[in-house]
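What follows is one structure encoded as structure tokens, with my remarks underneath.
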Amino acid sequence: MSESTVLSHFHKKQAWMASHVESAQFPTAESKEGLRLYKAAESEPASTETSSGGATEGFTFYEVDCHPLMVRYAKTLAQKWPESEREAIMEFLSQLSLTDLPTPDGMHVGLYVAMEQGAPVATGMLLSSEESDRKIFGIYDVYGLNKDASNAIKQHLLCLAGDGNVVSE
């Protein structure tokens, strides 16, 4: 897969994330700061992967499809940042909506939360788009409260991508 294809996919992800603040009629100062912090922490996709069948036992995975799951997603992913930045990150992430803003044609965004014993322990995003007449899956925002949770959500997302072309941060 060419570097330009990977970067095009990544830029679509960046634009989608930013659109939730930039398209808001009255974005808060905290959500703007959260977007800035989020962008500063992003890294370009660097690898192409396939599923290695890692352990996902003990975890339950949910696609974010309602406000309570979005809150769990935001609170869990915000743990990735230092305590002093979490409020702004949570303000930004809580602005994300899978229904309020249309995604560009050929693009699908899925946000996922992994739960262990009823508590959220990991997050991840699976974004698919058409690039040069082929489907590309990007795995982003993978974060786990521990290594097992992080590995489990990543393996779940890799399984969802199937045999597609996959890039990840």
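Please treat every number below as a calculation from the coordinates, not as lab data. All figures in this text were calculated on a predicted structure; none of them were measured in a lab.
Structure notes:
- Given Lys39/Lys75; Lys12/Lys135; Lys39/Lys147; Lys32/Lys75, the pairs whose alpha carbons are separated by over 20 Å: Lys39/Lys147
- Taking every DSSP helix (H) stretch of at least 4 residues in the chain, weighting each as -39,500 (n - 2.57) and dividing the sum by the residue count yields a mean residue ellipticity at 222 nm of -13500 deg cm²/dmol.
- For Val142, residues with placed amide H under 5 Å, excluding near neighbours: Met125
- Working note: Karplus 6.51/-1.76/1.60 with θ = phi - 60° gives segment 19-34 the couplings 4, 6, 9, 5, 8, 5, 5, 9, x, 7, 4, 5, 5, 5, 5, x Hz, where Gly and Pro are set to x.
- Among Tyr62, Tyr112, Tyr73: highest mean-square fluctuation, GNM of the chain, C-alpha pairs under 10 Å: Tyr62
- Amide H to amide H, with H built 1.01 Å from N, Ser168 comes under 5 Å of Ala46, Ser47, Ile139, counting only residues 5 or more places away or on other chains.
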